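Take a look at the structure set out below.
The values are calculated or read from the model by the stated rules, or taken from the named source; none is laboratory data. Here the structure is a predicted model, which means the values were calculated and not measured. Methodologically, a virtual Cβ is constructed for each residue, glycine included, from the backbone with ideal geometry; neighbour enumeration extends over all protein chains shown.
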């Protein structure tokens, strides 16, 4: 048995995934919600992948908003496989949103609050501008 092949973190729209799916190059596609055009385009990618019998596993080495946006799309599609998630993210991840991510037993539990279920805490965000420092990045690899 050949293990499944997953590609796509650098494909940005359904137009990039089209030849991958048409030529049956991959069993699983992994669009990144921050690069592929947001939730609507990720949903279009998933719909197209479903037509080819492919699963979707969003690429998500990002912050809590992209995690929540990806999780909402995943909850709305029949061909969801897995969603990448940075459990050991920066220490301040949950301080920049009004509600911490609800992760239990390996599952993200979505809120019934409006939108993504959280708001940004701008004063906290202002404490962490730009690219993360090496000290914070090191926790990713522990």
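For this structure, a couple of remarks:
- Looking across the stretch 85-130, the residues that are surrounded by 14 or more Cβ atoms within 10 Å (Cβ to Cβ) and part of a strand (DSSP E or B) come down to 97, 108.
- Within the stretch 52-68, the set of residues being more than 17 Å from residue 9 (Cα to Cα), under 10 Å from the mean Cα position of the chain (by Cα) and in a loop (DSSP other than H, G, I, E, B) is empty.
- Of all residues in the stretch 77-88, none that is on the phi > 0 side of the Ramachandran plot and without any contact (Cβ under 8 Å) to a residue 40 or more places away in the chain has its Cβ atom under 7 Å from the Cβ atom of a residue that is assigned to a loop (DSSP other than H, G, I, E, B) and surrounded by 17 or more Cβ atoms within 10 Å (Cβ to Cβ), 6 or more apart or on another chain.
- Residues (in contact with a strand residue (DSSP E or B) (Cβ under 7 Å, 6 or more places away or on another chain) and in a loop (DSSP other than H, G, I, E, B)) located in the stretch 74-84: 77, 79, 81, 84
- Sole residue being touching a helix residue (DSSP H, G or I) at 6+ places or on another chain (Cβ under 8 Å), at pLDDT 90 or above, part of a helix (DSSP H, G or I) and within 30 Å of residue 7 (Cβ to Cβ), chosen from 71, 49: 49
- Restricting the stretch 14-30 to residues that are touching a residue at least 24 places away in the same chain (Cβ under 8 Å) and farther than 17 Å from residue 77 by Cβ, the residue that is surrounded by the most Cβ atoms within 10 Å (Cβ to Cβ) is 18.
- Answer residue from the stretch 31-46, given it is closer than 18 Å to residue 63 by Cα and either touching a residue at least 40 places away in the same chain (Cβ under 8 Å) or in a helix (DSSP H, G or I) (or both) and is nearest to the chain's Cα centre (by Cα) among those: 33
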